[in-house]
1. Given R₀ = 25 Å, FRET efficiency for residue 96-residue 67 by Cβ-Cβ distance, to 0.05?
2. What order do 63, 83 take when sorted by accessible area (1.4 Å probe), most exposed first?
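The values are calculated or read from the model by the stated rules, or taken from the named source; none is laboratory data. None of the values given here were measured: they were computed from a predicted structure. Every residue, glycine as well, gets a Cβ built from its backbone with ideal geometry; the counts of neighbours run over all protein chains shown. When the accessible area is computed, the model is the full protein with side chains, heavy atoms only, and any ligands, DNA or RNA have been set aside. Shrake-Rupley method; radii C 1.70, N 1.55, O 1.52, S 1.80 Å.
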Amino acid sequence: MDTVEGLRAASSIATSGIDTIVIFMNDAVSSLTKKHKPEGINMTSIHGSIKAPVGARLAFHTLSLKERGLTENDLLDDLELELVNDDHPAKLLTEVDIVFAM
């Protein structure tokens, strides 16, 4: 499943009144960057639909960003993103009722 489809799913879940957080981890953090061009590999860019998950919180895994040689300055400017440090994803998983992994 690509990132755009994941955001659509998250949006549907959030609009149903379910507390939703989307955490961009591993290679998915690159989809949040200003220079991301997924069209080159026949994927859809999330830049036009990133704000679609109404009611969903958006976050990125700081270690995943760092491991790819990226910084917060590389991320899209117009997003409200939460930072998730290395131990925080596991903590978040213990606080939720359902996990939807892509």
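1. On the way: r = 25 Å, r/R0 = 0.98.
The value I calculate is 0.55.
2. Values: 63 60, 83 95 Å².
The ranking, largest first, comes out as 83, 63.
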